[in-house]
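Visitor: Structure in structure tokens, see below.
The values are calculated or read from the model by the stated rules, or taken from the named source; none is laboratory data. These figures come from a predicted structure and were not determined experimentally. Here the Cβ is made from the backbone with ideal geometry for all residues, glycine too, and neighbour counts use every protein chain on show. Each accessible area value is taken on the protein alone, full model and side chains, heavy atoms only, with ligands, DNA and RNA left out. Shrake-Rupley method; radii C 1.70, N 1.55, O 1.52, S 1.80 Å.
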Amino acid sequence: KKMIEKIPTDLIEFAGLKNPETIFSEIDCLIHYSTRPEPFGRVVVEAFAKSVPVITTWLGGAGEIVEDNVTGLKTIIYDRNDLLEKIKILTDEKLNSEMTRNAYLRLEQIEKEIEFKMVRLLES
């Protein structure tokens, strides 16, 4: 919000609390610009599930889930030019489609890993 105050734009909207289904149906990409590590990037896997391309930083769980240039794009924190370059990359429809397909496959892999670990936990 501070950045929007300094550089006004109508390209970014703070809409308050919304249902994730609504959000993912209305956006062209998810910019997960975390400035500190988070344990797990749930919103990232939600975007994967809805075939929404993701740009994130290299930090925390999101940085581990997103494979740069394969399942999404990673940007250098606080580097606006790098973020702009990543956004421009997403205008390539073929690459965008390939990354969202790879992201969906990565989500399926994550789900299988979780299921496997839960079964092992229950068996022990």
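Visitor: Out of the residues in segment 65-124 that are part of a helix (DSSP H, G or I) and touching a helix residue (DSSP H, G or I) at 6+ places or on another chain (Cβ under 7 Å), which is surrounded by the most Cβ atoms within 10 Å (Cβ to Cβ)?
Guide: For segment 65-124, the residue satisfying everything is A103.
Visitor: Can you list residue pairs whose Cβ atoms sit under 9 Å apart, with the first residue in segment 4-17 being open to solvent by 90 Å² or more (accessible area, probe 1.4 Å) and the second being not acidic (D, E)? Count only pairs 6 or more apart in sequence or on different chains.
Guide: Listed by first residue and then by second, the contacts come to F14/K1; F14/I4.
Visitor: Do the conditions hold for S124, that is, is it closer than 23 Å to F14 by Cβ, out of contact with any Phe, Trp or Tyr (no Cβ under 8 Å at 6 or more places or on another chain) and at pLDDT below 90?
Guide: no
Visitor: For segment 73-104, give me the residue count where each residue is farther than 19 Å from W58 by Cβ and in contact with a Lys or Arg (Cβ under 6 Å, 6 or more places away or on another chain).
Guide: Result for segment 73-104: 0.
Visitor: Moving on to the next point. Given the structure, is S25 small (G, A, S) and surrounded by 15 or more Cβ atoms within 10 Å (Cβ to Cβ)?
Guide: no
Visitor: Just checking, does segment 50-63 include any residue being under 8 Å from the mean Cα position of the chain (by Cα), within 22 Å of I4 (Cβ to Cβ), among the polar types (S, T, N, Q) and at pLDDT 95 or above?
Guide: yes
Visitor: Among the residues of segment 28-49 satisfying the criterion of being of a type in the set (F, W, Y) and open to solvent by less than 90 Å² (accessible area, probe 1.4 Å), which is modelled with the lowest pLDDT?
Guide: Checked segment 28-49; the qualifying residue modelled with the lowest pLDDT is Y33.
Visitor: Also: Looking only at segment 68-78, decide whether some residue is within 9 Å of the chain's Cα centre (by Cα), small (G, A, S) and under 18 Å from E111 (Cβ atoms).
Guide: yes
Visitor: Among the listed residues K94, K74, K86, which satisfies the condition of being within 20 Å of K50 (Cβ to Cβ), in contact with a Leu (Cβ under 6 Å, 6 or more places away or on another chain) and of a type in the set (K, R)?
Guide: K86
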